[in-house]
1. What does the highest-first list of 33-42, 105-114 look like by mean Cβ count within 10 Å?
2. Please report, in cubic angstrom per residue, the volume enclosed by the convex hull of the alpha-carbon atoms of segment 67-116.
3. In terms of the Cα gyration tensor, with a ≥ b ≥ c the square roots of its eigenvalues, is segment 1-143 rounded because a/c is under 1.5, prolate because a/b exceeds b/c, or oblate?
4. What's the extension gain from Leu152 to Gln58 if we count 0.36 nm per residue and subtract their Cα-Cα distance?
5. Please report the net charge: other residues with Cβ closer than 11 Å to the Cβ of Ala108, K and R +1, D and E -1.
6. Sorted by average packing, counted as other Cβ atoms within 10 angstrom per residue and highest first, what order do 61-73, 118-130 take?
7. From the cross-link list Lys8/Lys94; Lys21/Lys43; Lys33/Lys53; Lys33/Lys111, which pairs have alpha carbons spaced over 21 Å apart?
8. Grab the other residues whose beta carbon is less than 12 angstrom from that of Asp184, score K and R as +1, D and E as -1, and report the net.
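Only the coordinates and a few stated rules stand behind these numbers; no lab work does. Computed from a prediction, not measured in an experiment: that's the story for all the values here. So basically every Cβ, Gly included, is an ideal-geometry build from the backbone, and we count neighbours across all protein chains shown.
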Amino acid sequence: MPHYDYDKDYPFAAFITNLGKYNEGALVGEWVKFPTTAEELKKVFERIGIGAKDDFGQNYEEWFIIDYDCYVDGLYDLLGEYANLDELNYLASKLDDMSQDEYKRFQAAMKIGDHTGSIQELINLTENLDCYNVYSNIHDHDDLGRYYIEELDAIQVPEHLRNYIDYEAYGRDIALEESGQFTDLGYVRDTGRASRGSIESPLHKRNKNFWTKVQSRIWQPTLPMIWTSFSGSTTRSMPLSTRRNMRRRKKSTRI
């Protein structure tokens, strides 16, 4: 397991809320740490009333994610209220299984914006971390030029001529050529070997049963996806920034 921010032992948590109760004016939800299990999530849904009946005999079947507590730098803004629980759980499991070096590569790839358009892309990213090189001690073009010439011997320069080399200009050319970027983690480059395909690894295929187990043990028929329509409109009319700025929970609800 890598070292998460604030010494947490999990990458993120989601505040899962009963949508029916929310529409009635009550905020009924619970923080869930990820990764979790089908059994743990089933108990959470029972406690927040998912599967119970309202005053009209209708089941509370709809829920949504109102907020996240995230301890992976740069990940919070990539998690949405429409997130699929199975994908969230799989991503958290992949993060937990990383070494510190793999975790560093993952964060570096996020900082340069590679494969961060969806949770599925983030999962795909975890499967391709060997496609990223991170140079922690290189922070600008001058550092990059010196590294290539002095450490990698990219150009054979006699010792007595090295003071005449424009390392910054050479480093700028190198960064442009390999599309590298400078971040607070150092210089990052994608070697170009990253897979652009599906995230359907054998582990992910097995993990698809996670959400199915939760659903089948709580209610029938199958629960619709997150944020279904209500009261003649749909929660999609509520911007994510509005949801996240509400912050209606009290400190006592935090994990």
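1. Packing proxy ranking, top to bottom: 105-114, 33-42.
2. Once divided by residue count, the hull of segment 67-116 is 80 Å³.
3. Judged from the Cα gyration tensor, segment 1-143 comes out prolate (a/c at least 1.5, a/b above b/c).
4. 27.0 nm
5. -2
6. Taking the mean over residues of other Cβ atoms within 10 Å, the ranking is 61-73, 118-130.
7. Table pairs above 21 Å Cα-Cα are Lys33/Lys53; Lys33/Lys111.
8. That sum, taken over residues with Cβ under 12 Å, equals +1.
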